[in-house]
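Below: one structure, written as structure tokens.
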Amino acid sequence: MVCRGLMLALHRGGHIELPAVRKVMPNPLATRSRPALVEVDRTPLCARLGELGRLEFRQVRRSGEERLCNALIEQHHYLGYTQPVGEHLKYVVYASERPVACFTWSSAPRHLGPRDRYIGWSAAARRRNIGLVAYNPRFLILPWVAVRNLASHLLARMVRRLSEDWQRVYGHPLYFVETFVDPERFSGACYRAANWIELGLTTGRGKDDQTHRPNRSIKQVLGYALRSDFRQRLCAEAR
């Protein structure tokens, strides 16, 4: 896919001319089956945060519980489930063995204006270090869970362990994380309460834009630094 993307970019830039398409191959990612439904305890959980007891974060990628995470997001997140891109981790949060929330994390978009301006890195540094940034495409509190301040509490705990888990699975840490919030649906209050900051707005054009015109809703970009020296590390062009 990387080679194909490079050849398409060269073709669109007028540097080479690709032959006409002879056969359209099926895309297994586009035809991926949706996660099967999973039944869990849906008894309403209304409590104070301190009454939940121990909250357990389980990293479920490549485990028997990954199916549960995928299914809950498919059933209860307004965007449904999509396979995370590149390096990625998935979490289910339990309260007394009951799932209450899910997270997915994936490789960050290569180009994101508000983030890139905030970090202040050069194009060369971004190309070298983009793998040290992760993106939060899904965060779900299950709809029958009503616990005040739970979302911001989980976000704060999640970012404290994410880099260590990433290091364990992929052999490198993370220094910065980001997410998108649709302002037509959400205020992003739980992220702000967990000390994430607003970096700006997307252009609404998506990563594969060829028209330079908005083709989707504009999102707020929020970010969180996992280290105080994140700029120094992310802006380094050589190691």
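The values are calculated or read from the model by the stated rules, or taken from the named source; none is laboratory data. Note that the structure is a prediction, hence the values are computed from the model and not measured. All Cβ positions, glycine included, derive from the backbone under ideal geometry; neighbour counts span all protein chains shown.
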If you scan segment 82-129, which residues turn out to be hydroxyl-bearing (Ser, Thr, Tyr) and modelled with pLDDT of 95 or more?
TYR91, TYR94, THR104, SER106, SER107, TYR118, SER122
Examine segment 98-114 for a residue that is under 30 Å from PRO44 (Cβ atoms) and surrounded by fewer than 19 Cβ atoms within 10 Å (Cβ to Cβ), and state whether such a residue exists.
yes
Among residues belonging to segment 171-200 that are aromatic (Phe, Trp, Tyr) and under 16 Å from the mean Cα position of the chain (by Cα), point out the one that is farthest from HIS77 (Cα to Cα).
TYR175
Pairs needed: first member in segment 195-208, exposed (fewer than 12 other Cβ atoms within 10 Å of the Cβ); second member anywhere, modelled with pLDDT of 70 or more; C-beta distance under 6 Å; at least 6 residues apart or different chains.
LYS207/PRO109
Given the structure, is TYR91 closer than 23 Å to PHE186 by Cα and in contact (Cβ under 8 Å) with a residue 60 or more places away in the chain?
yes
All but one of (1) buried (at least 21 other Cβ atoms within 10 Å of the Cβ); (2) not in a helix (DSSP H, G or I) hold for LEU154; which doesn't?
(2)
Quick test of your reading of the structure: GLU74 fulfils all but one of (1) buried (at least 17 other Cβ atoms within 10 Å of the Cβ); (2) under 16 Å from LEU140 (Cβ atoms); (3) in contact (Cβ under 8 Å) with a residue 60 or more places away in the chain; (4) not β-branched (Val, Ile, Thr). Name the failing condition by number.
(3)
Of these, ALA146, ALA123, ALA134, which one is over 25 Å from GLU39 (Cα atoms) and surrounded by fewer than 17 Cβ atoms within 10 Å (Cβ to Cβ)?
ALA123
Considering only segment 1-42, state which residues are modelled with pLDDT of 85 or more, surrounded by fewer than 10 Cβ atoms within 10 Å (Cβ to Cβ) and within 26 Å of the chain's Cα centre (by Cα).
CYS3, GLU39
Which residues, taken from segment 136-170, are farther than 16 Å from VAL60 by Cα and of a type in the set (Lys, Arg)?
ARG148, ARG157, ARG160
Enumeration of residues in segment 222-239 that are part of a loop (DSSP other than H, G, I, E, B) and farther than 22 Å from CYS190 by Cα:
ASP229, CYS235, ALA236, GLU237, ALA238, ARG239
